[in-house]
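Asker: The structure under discussion is supplied below as structure tokens; questions concerning it will follow.
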Amino acid sequence: MDSLVKSVGLQIRILRKSKKFSQEELAFKANVHPTYIGQIERGEKNLTISSLNQITNALEVNLADFFSVIGTNYDSTENLPYRLIIEILQEIDIDEQKQLFEILKKIVEFKKK
């Protein structure tokens, strides 16, 4: 699939995890099949605007905000590391997040020297 489809899927996954929804919960709220959510998140399915609208409504995000995060340059992976970092951080508890923040802060301080 193309990079736009993958970017949309990744953004849905990030938003879903930020709401602490399972794929099944999101599918139920969006009135779509749970396997469809997984396929979208992995960039395997090209979803319709109608399906995207159902999913973003379930995530309580409007379409304009959804696409403003993705940006307009879909062939670029410039924002990808940022999204992956957020995805990883959402999978660990707050204490681990704080520890990683302190490590990152020290790395940045070291590089400035």
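Asker: Using a 1.4 Å probe on the protein heavy atoms, what percent of the accessible area of the chain belongs to carbon and sulfur? Write out the running numbers ahead of the final one.
Answerer: Working: 4420 of 7810 Å².
Carbon and sulfur: 57 percent of the exposed surface of the chain.
Asker: For ALA64 and LEU100, what is the calculated FRET efficiency with R₀ set at 25 Å and r taken between the beta-carbons, to the nearest 0.05? Before the final figure, lay out the partial values.
Answerer: Details: r = 32 Å, r/R0 = 1.27.
According to the calculation, E is roughly 0.20.
Asker: Per residue, how much accessible area does the chain show when a 1.4 Å probe rolls over the protein heavy atoms, in square angstrom?
Answerer: Values: 7810 Å² over 113 residues.
Accessible area per residue: 69 Å².
Asker: Can you count the Lys pairs in the chain with C-alpha separation below 21 Å, eight or more apart or on different chains?
Answerer: 15
Asker: Sorted by accessible area (1.4 Å probe), largest first, how do LEU15, LEU104 line up? Don't skip to the end; give the middle numbers.
Answerer: Numbers: LEU15 35, LEU104 100 Å².
Result, largest first: LEU104, LEU15.
Asker: Could I ask something else about it? Would you mind estimating how fast segment 1-55 diffuses translationally, via Stokes-Einstein at 25 °C and 0.890 mPa s with the Kirkwood radius over Cα pairs, in µm²/s? Could you put the intermediate results ahead of the total?
Answerer: Working: Rh = 10.8 Å.
The estimated diffusion coefficient comes to 227 µm²/s.
Asker: Next up: Relative contact order for the chain using alpha-carbon pairs under 8 Å, separation at least 6, rounded to a whole percent?
Answerer: Values: 86 pairs, mean separation 33.4, N = 113.
About 30 percent, as a whole number.
Asker: Would you kindly compute the Cα radius of gyration of the chain and its largest Cα-Cα separation (Dmax), both in Å?
Answerer: Just the Cα atoms of the chain yield Rg and Dmax of 15.9, 53 Å.
The values are calculated or read from the model by the stated rules, or taken from the named source; none is laboratory data. Being a predicted model, the structure only gives us computed values, none of them experimental. Note that we place each Cβ from the backbone using ideal geometry, even for glycine, and neighbour counts take in every protein chain shown. Remember, those area values only see protein heavy atoms, side chains included, never the ligands or the DNA or RNA. Shrake-Rupley method; radii C 1.70, N 1.55, O 1.52, S 1.80 Å.
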